[in-house]
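The values are calculated or read from the model by the stated rules, or taken from the named source; none is laboratory data. Just so you know, these numbers come straight off a predicted model, no measurement behind them. Positions of Cβ are generated from backbone atoms using ideal geometry, with glycine treated the same way; all protein chains shown enter the neighbour counts. The protein model used for the area step is the full one, side chains on, heavy atoms only, and it has no ligands, DNA or RNA in it. Shrake-Rupley method; radii C 1.70, N 1.55, O 1.52, S 1.80 Å.
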Amino acid sequence: MTLFDLVRRSMRKNIKHYYLYFFSFIFSVMLYFVFATLQHDESVIKGAELSLRLDQSFKVAAYLLLAIVAVFVLYANSIFLKRRSNEIGIYQLIGLTRGGVARMLMIENMLLGIGALLVGIATGIVVSRGFLLLLVKLMGKEAFIELSISIPAIMQTAIVFIILVAVTSLQSLRVVYKSTLIDLFTARRTTELSKQPGKISQLLFGVLGIVLIVFGYWYSGRMVNSYFILNAFIVLAATIFGTFFFFRATVGWLLHLWRKRKDGHLAFRDTLSTAAIMHRMKSNARSLTLITTLSAMTLGMIGVAYSLYYSVENSTRGMFPYDFAFQNQAEFASSFEKELTAAGISFEQKELASVELPVDVAKLPSQASAYWADLKASVFSNDSLEQAGMTIVDPTGGAVLFDSFANSDMFGSNVGYDVTLKMPNNELDITIKEVEEKLAMNTDTSFYQLAVDRTTYEKLASGAQEVPYLVFTLGQEEDSKEATAIYKKVVPEKEQRVVYYDMLAQQFEANGLMVFITGFLGLVFLLTTGSILYFRQMTEAEQERQTFRTLRQLGFSIPDMMNSIIWKQLFIFGLPLAIGILHGIFAIKSASSFLFSASILLPATVAFIVYAAIYAIFAAFTIGYYRKIMKDVL
């Protein structure tokens, strides 16, 4: 019998094991190919105004996706090798050399890899059009998408997964050459509890885990300052290590304490659920920490991205209160007014004026002064803004600050501090009485904007030149595109400013791209973590097959045993999901402190519900697999 005959028989015999590894490989190839196709698709790149950002975003996300896929495939391969450990040991026991076994596994892995690569790319070609349509829709673009085959995407995917097949082959070689026969024959029966739980050291580590998590939550609300990057790493490290110690020590110690209170009298349900969890706590701690961290990252990314996308119109209108603003451009404004009238577009025109004065940055709050080297303030009178249709708080005795970041901590938009305005001959201190979560004038004309009462305004205007504005607000939003085209025709390109319609399109494009990438990566994270738990529970179910057979012979029914299994799966799937959601809530809360005034509650809630629903599906599949094992044991 040749080596290839042995490979063929082995693959036919292990078909029930191969589907697990084959599916994970096909799934990984398909996801990566879809992403590579989107990265190279000309219809998206050419149609995007932010093509450079699009290309860079896809490149960064592709590296992250590759890391996720690599971990997933290597983990699935390790499970596959563990399930075949007895077979590998038998081959060596009957006289096949380690080199022969290694070559056999490498040939099998190569055949599986090539097959998965072909099937995954073929599947990716079919489904990539749907993802491409979704991306174009989210970015607010109109494009005709054809079903095409991207050669660069095929080449990129093939190179990446050929390297990955080589790495998994090395993983197989390591198992063959580093494992003794005893290791191979006992691999599937080894429990992973290395120390007796309940000792003082474990109690200390358990308390440390809770302290680190609480510290991470507390510090996440105080990390927005000039050391933001360092603070983010501190929060991330505290949360990850705290989560690991929580699963490894806190949960183990609590379970040991619970079992000790039972005084050895465990109910039948506890025997198959709680006791089984305790005796696999070491490896479960690592995997549950990974899954919890990935879940929190996923929920945080999707929640923040969707919140920004969900509030694009409100945030853009906050930065651009008028559809068009002309600063010292009366001639262009007059021509624009005539063209709008000729086109039958309804609009409202207002006149405003402001005074621009330098601000003493050194006297601003520290969070604000850290971001501005020099700053000019555009100061408006409250009555002129009210005549333009804006409702503001009476600024008498102080000033109203207009800031689209008003709900954030990034620029220190609080009240009660003084702003020092530098006039030609003296300085004037004005106290900030109120902060509006919007701007008084379009952001491309001025950034730091204040409103004062008429008396204060005239005092400031007496020592500085006024800046006139002519602003236009359209009566119908659907006229925005045509009005923008008229604006670009009337105003020379060098004199043009950013207008509301263009900014809205850019924001939809940028945030739509962010939603798609985070959603895609979130889907990969979710399916990867759910699959890891599912594969792990499948392995444990196979290891407990003899236990189920014994219990069935003793007269226990399948419903009795399934009740225990359901409790076990609620712990395995529910606990990391619950902690991941809790981590995600604080991550989103922290991110919202330096984002626009985005609506967080609804998008984050939707993300949490969808994530939990998909996890519940994985748990249901796992319970179904246990039920199948129990029915097959007799």
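Return a yes/no flag: does segment 606-624 have any residue that is polar (S, T, N, Q), over 30 Å from Asn231 (Cβ atoms) and over 15 Å from the mean Cα position of the chain (by Cα). Looking through segment 606-624, at least one residue is polar (S, T, N, Q), over 30 Å from Asn231 (Cβ atoms) and over 15 Å from the mean Cα position of the chain (by Cα). Is it fair to say Leu112 is open to solvent by less than 50 Å² (accessible area, probe 1.4 Å), assigned by TED's automatic domain parsing to the domain that holds Phe27 and within 25 Å of the chain's Cα centre (by Cα)? Judged against the criteria, Leu112 is not a match.
The rows are residues; the columns are (1) crowded, with 17+ Cβ neighbours inside 10 Å; (2) assigned by TED's automatic domain parsing to the domain that holds Pro603; (3) over 22 Å from Thr292 (Cα atoms).
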residue	(1), (2), (3)
Met538	yes, yes, no
Ala541	yes, yes, yes
Thr547	no, yes, yes
Leu554	no, yes, yes
Ala578	no, yes, no
His583	yes, yes, no
Ala591	yes, yes, no
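Conditions tested, residue by residue: (1) modelled with pLDDT under 85; (2) outside any loop (DSSP other than H, G, I, E, B).
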site	(1), (2)
Gln349	no, yes
Ala353	no, yes
Ala362	yes, yes
Ala368	yes, yes
Tyr371	yes, no
Asp374	yes, no
Phe380	no, yes
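For the criterion of being open to solvent by less than 10 Å² (accessible area, probe 1.4 Å) and within 30 Å of Ala232 (Cα to Cα), Tyr626 fails.
Residue-level check: of (1) modelled with pLDDT of 80 or more; (2) touching a His at 6+ places or on another chain (Cβ under 7 Å), Leu117 misses just (2).
Every residue, every condition in (1) more than 24 Å from the chain's Cα centre (by Cα); (2) at pLDDT below 90, yes or no:
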| position | (1), (2) |
| --- | --- |
| Glu436 | yes, yes |
| Asn442 | yes, yes |
| Tyr448 | yes, yes |
| Thr484 | yes, no |
| Lys494 | yes, yes |
| Val498 | yes, yes |
| Gln507 | no, yes |
| Leu523 | no, yes |
| Leu526 | no, yes |
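Every residue in segment 213-246 that is in contact with a Lys or Arg (Cβ under 8 Å, 6 or more places away or on another chain) and among the aromatic types (Phe, Trp, Tyr), please. Correct list: Phe244 only. Restricting attention to segment 560-569, does a residue exist that is part of a helix (DSSP H, G or I) and farther than 30 Å from Ile623 by Cβ? No. Residue check: Leu533 meets all listed conditions (1) open to solvent by 10 Å² or more (accessible area, probe 1.4 Å); (2) over 11 Å from Ile629 (Cβ atoms) but one, namely (1). Of the residues that make up segment 26-36, is at least one over 23 Å from the mean Cα position of the chain (by Cα) and either in the same structural domain as Ile79 (by TED's automatic domain parsing) or at pLDDT 75 or above (or both)? Looking for residues that are over 23 Å from the mean Cα position of the chain (by Cα) and either in the same structural domain as Ile79 (by TED's automatic domain parsing) or at pLDDT 75 or above (or both), one finds at least one in segment 26-36, hence yes. For segment 312-332, filtered to residues that are hydrophobic (A, V, I, L, M, F, W, C) and over 44 Å from the mean Cα position of the chain (by Cα), the residue that is surrounded by the most Cβ atoms within 10 Å (Cβ to Cβ) is Phe332. Tell me, which residue of segment 382-405 that is of a type in the set (S, T, N, Q) and assigned to a helix (DSSP H, G or I) is farthest from Leu352 (Cα to Cα)? The extreme case among them is Asn382. The set of residues in segment 92-106 that are over 42 Å from the mean Cα position of the chain (by Cα) and either at pLDDT 85 or above or not aliphatic (A, V, I, L, M) (or both) comprises Gln92, Gly95, Thr97, Arg98, Gly99, Gly100. Exactly one residue out of Ala166, Ala153 is in the same structural domain as Leu6 (by TED's automatic domain parsing), open to solvent by less than 30 Å² (accessible area, probe 1.4 Å), in a helix (DSSP H, G or I) and at pLDDT 85 or above, and it is Ala153.
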